[in-house]
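Structure record follows, encoded as C-alpha cells.
Every number in this text was worked out from the coordinates using simple rules, so none of it is lab data. In this text the structure is predicted, and so the values were computed from the model without any measurement. Ideal geometry is used to build each Cβ from the backbone, glycine not excepted, and the neighbour counts take in all protein chains shown.
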Amino acid sequence: MKSRIFAIGAVVALLVSLSACAPAKTGGMASGAAQAGLSLAQVKKAGELIVGTEGTYRPFSYHADGTGALTGYDIEVVTAVAKKLGVKATFRETQFDGIFAGLTAGRFDVIANQVSINPARSAKYDFSTPYTVSPGVVVVKSDNTSIHSLTDLNGKTTAQSLTSNWYSVAEQNGANVQAVEGWAQAVELLKQGRVDASVNDKLTYLDYVKTTGADGLKVAVTTEGPSLSALAFVKGSTDLVAAVDLALKELRADGTLKKISTKYFGVDVSK
C-alpha cells in the first residue's frame with residue numbers, strides 16, 4: 001500500500017515539475033503581434049486599429065480646449081485610414097518617451113504622433129508612406145544672437161523629448177540636451193531662459209505662434225531637407241502596412257489629406 005502511495009506521489013511530483021518548466025502562454029493578439037508583426041487579418045478580426053498617441057502635442061494630437069475630445073491632424077488622418085480598412089480607430093494616450101516601448105510590448109497596433117522616419121527607427125520598425133512633409137526649426141528667444149546654424153548648438157542647452165528625432169539632431173550637433181515630455185514643456189523652459197533653444201517640427205512652432213502669439217521667440221535655423229513623418233508599426237507588419245499605404249494613397253487622391261492639412265495648417269503638408 002505504501003509503495004502504491006509513493007508511486008502515485010512520484011507521478012504527481014513529476015507532473016508538477018514538468019508543468020513548472022513549461023513556457024507560459026501569452027494571451028491576446030497584441031503579444032504575438034509584438035513578436036512577429038501584426039497582420040491586416042488580425043486588425044480586421046479585432047474590428048479596431050489601436051493607436052498610440054500623446055494627446056498633448058498640438059496641433060497633431062491634443063484635447064480641444066485642454067479637456068475636450070481628442071483631436072488633431074494625426075488623429076484625423078489615422079481615423080480616416082482606419083475607416084478605409086473597415087475598422088474603428090481606438091486611441092491610447094501615452095508620453096512620447098514611452099510610445100515605442102508601448103508599440104513593441106503590443107499595447108497598441110500603430111503610432112500616430114508625427115513620428116519622423118530615420119535610419120535607426122527604420123531598422124526597428126515598419127513605416128507607412130509619409131503623410132507629413134515639413135522641415136525642422138531651432139527656436140530661440142528673440143534676443144538670442146548666438147545661434148545661426150545647427151553647429152551653433154554645440155555647447156548650448158536644448159529642451160527635447162528623449163526619444164524624438166529632434167533629440168538626435170540636437171545631440172549630434174553637440175547640444176547639452178535636457179529631456180522634457182513634449183513641446184509645451186520645452187517652450188516654457190525656453191521662455192524662462194532655462195534652456196537656450198529647442199529643435200522641433202516647423203508646423204508645431206507655426207501652430208504655437210498662431211494660437212498664442214509666441215511673443216519673445218523666433219526661428220533661428222531651419223533644417224535642410226524636410227522631415228518625413230509616418231505611421232509606425234512593429235517590424236514584420238508587411239500586409240498591414242501595404243493596406244495602410246493603399247488607404248493613404250486613396251485619401252491623397254480623393255483630397256481628404258489635403259482637406260485635413262488645410263484645416264490645421266492652411267496649406268497641404270501631406271506631400
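Listed by position, the helices (runs of 4 or more DSSP H) enclosed by segment 166-271 that each have at least 3 residues that are touching a Ser or Thr at 6+ places or on another chain (Cβ under 8 Å) and over 22 Å from ASP143 (Cβ atoms) are 238-253, 256-265. Between ASP143, ASP65, ASP74, the distinction of being out of contact with any helix residue (DSSP H, G or I) (no Cβ under 9 Å at 6 or more places or on another chain), surrounded by fewer than 24 Cβ atoms within 10 Å (Cβ to Cβ) and within 23 Å of VAL199 (Cα to Cα) belongs to ASP143 only. Of the residues examined, THR151 is not one that is outside any strand (DSSP E or B), within 30 Å of ASP268 (Cβ to Cβ) and not aromatic (Phe, Trp, Tyr). Among the candidates PHE96, PHE127, the residue that is aromatic (Phe, Trp, Tyr), out of contact with any Ser or Thr (no Cβ under 9 Å at 6 or more places or on another chain), in contact (Cβ under 8 Å) with a residue 24 or more places away in the chain and surrounded by 15 or more Cβ atoms within 10 Å (Cβ to Cβ) is uniquely PHE127. Scanning segment 226-271 for residues that are over 17 Å from the mean Cα position of the chain (by Cα) and among the β-branched types (Val, Ile, Thr) returns THR238, THR256, ILE260, THR262, VAL267, VAL269.
Helices (runs of 4 or more DSSP H) fully within segment 53-138 that include at least 3 residues being over 11 Å from the mean Cα position of the chain (by Cα): 73-85, 119-124. Of note, GLY102 satisfies the criterion of being surrounded by fewer than 24 Cβ atoms within 10 Å (Cβ to Cβ), touching a Phe, Trp or Tyr at 6+ places or on another chain (Cβ under 8 Å) and free of Cβ contacts under 8 Å to residues at least 60 places away in the same chain.
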